[in-house]
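Structure first, commentary second.
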Amino acid sequence: MRYLSFILTTILLAASLFWTWQNVPEVRGVTSDLLAGKLHTLEIRHSAQAIMERHKRDLLKDSEHSFLEPDLRFHPYLLMEVKYSQTADKTGEGVILWSLTDGEMVINTTTWEKTHGFTDCLSAGADKNDFKFINALASKGGSADRETLSEMLSVENEILDIWVESCRKKNLIVQKGNTYRLHLQSPKMQVKPETKLDQWLVTKPTKHAKKIARRFRPSQIEMIAKSAFGNDFAIRKTTEIYLPVYSIIVQNPDGSQMTTQWNALNGQKLSNSFHVH
């Protein structure tokens, strides 16, 4: 009886895996890459040695400080080929690069400027109706009164109340009297649904790479992008790619270590990457 139960469980598991392989493209793609022992990464344009030499004065305070061996890790991003309405009679096409770790969209690959606010929306499970209210507030600088929002959204008070309550429960907005504001410091969400590229990105297959774990699934990013950018926004194709990032470590005289992270694509330090241990 136990042997029969084992066989049935094995058959069910195999059937489940086969269904997932056939019906979930992102799983099929990742599995194929894993079996091939490779992942697709953005091009390394700046070496760790070049970055350390260029920023030596800032990173090494004096001769008592020294560099340790840098560490290279790969951060997951979702590359989406998209189309959207630029104007009433013109369609725009391009790509979006979206982080699977911090949940924000890259606005410009030269500066690696990112949006601010989508992480909270992802964590809260914001939907299309939430984004109608969020986008209206964002277009007014993050704050507006009820009368202004009602005119902008052209909805009945009952519907507006439902949207307000949903956003409030998800801690996406704060209400003070008759005024609402986004519950974010310096939100940056009113952006064109396209990443500005300094040049076309090149992906290279890489073996034996150290990968940073994803915080968000590609399907979550697709859903939040569709909710944020409206009905005329469409995703044609998605590819999971990786950004090479150096951890540059400085040994301090007291035995502690200071680590900063650097984008190997543009050679710039990542924001909020400093820590001492």
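The values are calculated or read from the model by the stated rules, or taken from the named source; none is laboratory data. Quick caveat: nothing in here was measured; it's all calculated off a predicted structure. A quick note on method: Cβ atoms are made from the backbone with ideal geometry, for glycine too, and the neighbour counts reach across all protein chains shown.
Overview of results
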item: For LEU153: the one exception among (1) in the same structural domain as PHE233 (by TED's automatic domain parsing); (2) farther than 24 Å from THR195 by Cβ; result: (1)
item: Selected residue [assigned to a helix (DSSP H, G or I), out of contact with any Ser or Thr (no Cβ under 8 Å at 6 or more places or on another chain) and under 23 Å from GLY92 (Cβ atoms)] from LYS226, LYS192; result: LYS226
item: Hey, ALA124 hydrophobic (A, V, I, L, M, F, W, C) and touching a strand residue (DSSP E or B) at 6+ places or on another chain (Cβ under 7 Å) or not; result: no
item: Within region 231-265, considering residues that are under 30 Å from SER85 (Cβ atoms) and among the polar types (S, T, N, Q), the one modelled with the highest pLDDT; result: THR238
item: Filtered residue count, region 81-125, keeping only those that are touching a Leu at 6+ places or on another chain (Cβ under 8 Å) and either without any contact (Cβ under 8 Å) to a residue 12 or more places away in the chain or among the hydrophobic types (A, V, I, L, M, F, W, C) (or both); result: 10
item: Hits in region 71-117 - residues which are polar (S, T, N, Q), under 20 Å from TRP200 (Cα atoms) and either in contact with a helix residue (DSSP H, G or I) (Cβ under 9 Å, 6 or more places away or on another chain) or part of a strand (DSSP E or B) (or both); result: SER99, ASN108
item: Number of positions in region 241-251 that are more than 16 Å from GLU69 (Cβ to Cβ) and surrounded by fewer than 18 Cβ atoms within 10 Å (Cβ to Cβ); result: 0
item: Number of the exception - ILE159 against (1) in contact (Cβ under 8 Å) with a residue 40 or more places away in the chain; (2) surrounded by fewer than 15 Cβ atoms within 10 Å (Cβ to Cβ); result: (1)
item: Matching option when the condition is surrounded by fewer than 19 Cβ atoms within 10 Å (Cβ to Cβ), hydroxyl-bearing (Ser, Thr, Tyr) and under 25 Å from the mean Cα position of the chain (by Cα), among SER150, SER123; result: SER123
